[in-house]
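Colleague: Below: one structure in structure tokens.
The values are calculated or read from the model by the stated rules, or taken from the named source; none is laboratory data. All of these numbers come straight from a predicted model, not from anything done at the bench. Note that we place each Cβ from the backbone using ideal geometry, even for glycine, and neighbour counts take in every protein chain shown. Just the protein is used for accessible areas: all its heavy atoms, side chains included, with ligands, DNA and RNA removed. Shrake-Rupley method; radii C 1.70, N 1.55, O 1.52, S 1.80 Å.
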Amino acid sequence: MKELAPANILAIAPYVPGKPISETARELGMDEASILKMASNENPLGPSPRALAAIRGALDDLAYYPDGSGYDLKAALHRHFGLAPERLVLGNGSNDVLELVGRGFLTPADSAVYSQHAFLVYPLVVQAVGAQHIVVPARNYGTDLDALANAVRPDTKIVFLANPNNPTGTFNAWEDIGRFLERVPARVLVVIDEAYGEYLPPGLQSPTLGWLDRHPNLVVTRTLSKAYGLAGLRIGYAAAHRDVADVMNRVRQPFNVNHLALVAACAALDDGEFIAKSREMNAAGLAQLEEGVHRLGLDFIASKANFISVRVGDAARVYAGLLAQGIIVRPIAGYGLPEHLRVTVGLPEQNARFLAALQRVLGKA
Ligand SMILES: Cc1ncc(COP(=O)(O)O)c(C=O)c1O
């Protein structure tokens, strides 16, 4: 029956997620509690405590459908970021809103531009609608904004850009992104994916929401999966011009965000203390990992996110060696980085366990 599917769908290379803890424990015959997952850029502090309390209080409402308009969460986003509700699109994770941009705007006659080593959901979104890919070579693993602007063609409808990017952790200065936006024709949507934005130091926090009025072609996507610690609930959002948001909301499923996610996100947005703690812990953990891998003589890509990609050489062997010790990291050959492994920042003792295991695998113990 496969031949019934269009060629662009059959050409999709399925997204390979981080290996789950339960599967690893089963395969190794180990206790789940002894497995360390540093593979999916999750928050090692767990969920925001305020979100957890809100979820517990909402369990009795689960027989009802969620509020498909997301009224309360949009009101909370308005309070926190000054975003009018009609500018907002809520998603089952920010992957969902990225897909809504593609489904809402791209046709097979259009192209979309993104960088080499960019987050893999962009090619998936483009491929799913049968549009054309324009992949721009990276510079020092990062996004080359001039090359990205130069790659825009008359048939280009969307440019995707993550800042910081996954899996490289590379960061473009916001002033450079501002200049890039001035260069891109106003008929082209520019999607700035800020999944890791909360991890940026206070002086580098994103100014993009303030640019929405001047750039009706700008779409900013954010998630509560990373610093807010709610990856398992699936909740993200996009902010855009009301017309762009309107198109995205047309292709959205009416109940794409579940009730617990809505309730938890409202509470998590109020938990500034948790975000500050996560940011601090992450900065210390990044420094610990950088120092540790440097001591092992390994190169790494300087990261502004909650992970670091380390050049280990034979990544498949090192991945397997770490896995045998109960540590799951992420191979990123699918991102064009076959010699690197991506490691999510953990708690200090987790980072230390990873570094010790890496040292053993590399035979430097
Ligand atoms: C750059 C980037 N954007 C978006 C996402 C999507 O996250 P979610 O769908 O959990 O919001 C991720 C997750 O890994 C990511 O790395």
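Colleague: I'd like to check something: does segment 218-231 contain any residue that is under 19 Å from GLU86 (Cβ atoms), without any contact (Cβ under 8 Å) to a residue 60 or more places away in the chain and either touching a strand residue (DSSP E or B) at 6+ places or on another chain (Cβ under 7 Å) or of a type in the set (D, E, K, R) (or both)?
Modeller: Yes; the residues of segment 218-231 include at least one that is under 19 Å from GLU86 (Cβ atoms), without any contact (Cβ under 8 Å) to a residue 60 or more places away in the chain and either touching a strand residue (DSSP E or B) at 6+ places or on another chain (Cβ under 7 Å) or of a type in the set (D, E, K, R) (or both).
Colleague: Could we say that ALA315 is open to solvent by 20 Å² or more (accessible area, probe 1.4 Å) and away from the ligand (no atom under 16 Å from the Cβ) here?
Modeller: Answer is no for this residue.
Colleague: Now a separate question. Looking at VAL220 and the list (1) open to solvent by less than 20 Å² (accessible area, probe 1.4 Å); (2) within 13 Å of the ligand (Cβ to nearest atom); (3) in a loop (DSSP other than H, G, I, E, B), which single condition is not satisfied?
Modeller: Exception for VAL220: condition (3).
Colleague: Can you name the residue in segment 305-327 that is without any contact (Cβ under 8 Å) to a residue 60 or more places away in the chain and of a type in the set (Val, Ile, Thr) and, of all such residues, is farthest from PRO167 (Cα to Cα)?
Modeller: Step by step, filter segment 305-327, then rank; the result is VAL318.
Colleague: Could you give every pair whose Cβ atoms fall below 7 Å, whose first residue belongs to segment 266-287 and is touching a residue at least 24 places away in the same chain (Cβ under 8 Å), and whose second residue is open to solvent by 50 Å² or more (accessible area, probe 1.4 Å) and of a type outside the set (D, E, K, R), counting only separations of at least 6 or pairs across chains?
Modeller: Here the result reads ALA267/ALA53; LEU269/HIS80; PHE274/PRO49; LYS277/LEU45; SER278/LEU45; MET281/LEU45; GLY285/PRO348, each pair linking segment 266-287 to a residue that is open to solvent by 50 Å² or more (accessible area, probe 1.4 Å) and of a type outside the set (D, E, K, R).
Colleague: Consider PRO202 carefully, then state whether it is away from the ligand (no atom under 16 Å from the Cβ), open to solvent by 50 Å² or more (accessible area, probe 1.4 Å) and within 21 Å of LYS157 (Cα to Cα).
Modeller: no
Colleague: Also, quick follow-up: Can you name the residue in segment 248-262 that is assigned to a helix (DSSP H, G or I) and open to solvent by less than 40 Å² (accessible area, probe 1.4 Å) and, of all such residues, is farthest from ILE192 (Cα to Cα)?
Modeller: Restricting to residues being assigned to a helix (DSSP H, G or I) and open to solvent by less than 40 Å² (accessible area, probe 1.4 Å), the top hit is LEU260.
Colleague: Report yes if some residue within segment 228-236 is open to solvent by 10 Å² or more (accessible area, probe 1.4 Å), under 30 Å from ARG214 (Cα atoms) and at pLDDT 95 or above; otherwise report no.
Modeller: Scanning segment 228-236, I find at least one residue that is open to solvent by 10 Å² or more (accessible area, probe 1.4 Å), under 30 Å from ARG214 (Cα atoms) and at pLDDT 95 or above, so the answer is yes.
Colleague: Please work out which residue is nearest to GLN127 (Cα to Cα), limiting yourself to segment 1-45 and to residues that are within 16 Å of the ligand (Cβ to nearest atom) and open to solvent by 90 Å² or more (accessible area, probe 1.4 Å).
Modeller: Applying the filter and picking the extreme gives PRO14.
Colleague: Looking only at strands (runs of 3 or more DSSP E) that fall completely inside segment 276-365, which ones have 1 or more residues that are at pLDDT 95 or above and either within 30 Å of ASP31 (Cβ to Cβ) or of a type in the set (Gly, Ala, Ser) (or both)?
Modeller: 307-311, 340-344
Colleague: Mind checking which residues of segment 167-192 are in contact (Cβ under 8 Å) with a residue 60 or more places away in the chain, within 15 Å of the ligand (Cβ to nearest atom) and open to solvent by 10 Å² or more (accessible area, probe 1.4 Å)?
Modeller: Hits for segment 167-192 are THR170, PHE171.
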